[in-house]
Structure formats: C-alpha cells, structure tokens
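Reading through the structure tokens given below for one structure.
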Amino acid sequence: MRRFWKDVAIVDGGIALDGKPVRTPGRLPLVLPTPQLAQAVADEWRAVADTIDPRAMPLTGLANAAIERVAPDPARFAAGLAAYADSDLLYYRAEAPEPLVERQRAAWDPLLDWARTRYDVHFETVAGVMHRAQPPATLARLGDAVAALDPFRLAAMSPLVTVSGSLVAALALLEGAADADRVWHAAQVDEAWQVEMWGDDDLAVTTRTAHRADFDAGARFLTLL
C-alpha cells in the first residue's frame, strides 16, 4: 500500500492518519496501552516514505499481533510459549570441545541460576540433544509466570522466546535480570562457534540478521510497556 496520508497523530491511545484511526489488518482498533508505545508506533507511520514495508514497522506488527492473535485467547498463546520450558536451549550442553563447553557454561549457567532463585525451580541439564523431561513443578511455575502476562507482553515475548529458543532467557530479559545483548549472545553461542570453526555464508548471515531484527523489536516493545 502506498502512503496516502500527510499527518500522523495520537488520539486516545490510537494512531490517526489525517484524522482517521488506524486499524489492524483484521479491522480492530489499533489502540496502544502506553503513551511511549503509541509514540513509537506513530513514529513508524511517520517514517513511511512511498510504500508501507511491514519489516520496517515491527512495533506496529507486534501491536497488531497483541490485539488480533493474543488478546482473543491469552491463555492459549501463553501455553504455546510456556511449552519451551520443557526443551529450553539452556538445558542441552555440548560434551566437547572444552572451549565450547566453557562458553555454554559461562553464558547459560547464570541465567539458569537466576531462574532457580526467582521461581524456586530445579532444572535437568544434559550433555547432548536427547530430550530430558523437566520436573512438573518447574513447568508449572514457569508456565504460571508466562500466563500472568498481558497480551502486549505476550506478543513481545513471542520473538524473544522463538528466536532464542529459551524461555528462561526471555524471562530474564522481561524481568530486567539480563539485557537484550546478553540474551542474544547467549542464544548465539552454538552458532557463533560453528561460524568460527567452518565460516559463514550469505544465507546464514541474512537469516541471522532477520532474526536479530525480530528479537530487537520484541525487546524494545517490552521497554515501551
């Protein structure tokens, strides 16, 4: 769609283009829960040049998702994210080489230690990639933490969890126990090792760049709530 508007304004928590309210793709009102998020979304609309590029408007996209995909059934959406608690990236460790083992330990153990204290849970870590079930109490408590979130925070958590592969790391970011760069680099330990060993390629770089953009959008969205 080409740009047709001149003025972008914030009206009653929503975005108005030349006085007309913006709606989600499903025609629901695009109303934001905080003034700072409304301002950031409005800035995305102001920045549109000739044609709308959804990739250049990630905050608008997350707001649309919160309203259309999450809000109708938050419990179901939360359950999908909570499922990562049973197969979190941080549980599965390399057996060798020792430098990779140490990198995983340095990046991942502090996040697990934080979660143990914060949620009073126990984790089963394992060398290798074979699934190991986590204690039911751990799954229940982490699930409760996710279920307590509102639709906008759930929408923000989605790229953080799915891109990183770690619910624990995403919760640490949500609660301010780790910043976005720390969580991103923790999620990239294995991939960074592979790049060091075997080199990179154009497709991997493109994919990683797109994933980082999605991850950063989720992290920024949280700061605006």
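Brief remarks on what is shown
- All other residues whose Cβ lies under 13 angstrom from that of D120 are scored, Lys and Arg at +1 and Asp and Glu at -1, for a net of +1.
- Taking other residues whose beta carbon is less than 15 angstrom from the beta carbon of S158, and scoring Lys, Arg as +1 and Asp, Glu as -1, yields -1.
- Each principal axis of the chain carries a Cα extent, and these read 60, 41, 25 Å when sorted largest first.
- Taken along the Cα-to-beta-carbon direction at a fixed 7 Å, the label points for K6 and Q39 span 2.6 nm.
- Gain on full extension, evaluated as 0.36 nm per residue between E95 and A148 minus their Cα-Cα distance, stands at 15.4 nm.
- Where only DSSP H runs of four or more residues are counted, the chain gives -17500 deg cm²/dmol as its mean residue ellipticity at 222 nm, each run worth -39500 (n - 2.57).
- Distance histogram for the range 8-70 (every C-alpha pair counted, 5 angstrom bins, percent rounded to whole numbers): 4, 20, 31, 30, 13, 2, 0
- Trypsin sites (Lys or Arg not before Pro) within the range 16-60: DSSP coil, no more than 11 neighbouring Cβ in 10 Å: R27
- Screening the chain for DSSP H helices whose Cα atoms reach 18 Å or more along their own axis and whose mean Kyte hydropathy is at least -0.5 gives 151-164, 202-223.
- Exposed chymotrypsin sites (Phe, Trp or Tyr not before Pro) absent - longest run of the chain, DSSP non-H/G/I/E/B, at most 15 other C-beta within 10 Å: 6-225
No lab work stands behind these numbers, since they all come straight from the coordinates. Everything numeric here is computed off the predicted structure, so don't read it as measured data. Positions of Cβ are generated from backbone atoms using ideal geometry, with glycine treated the same way; all protein chains shown enter the neighbour counts.
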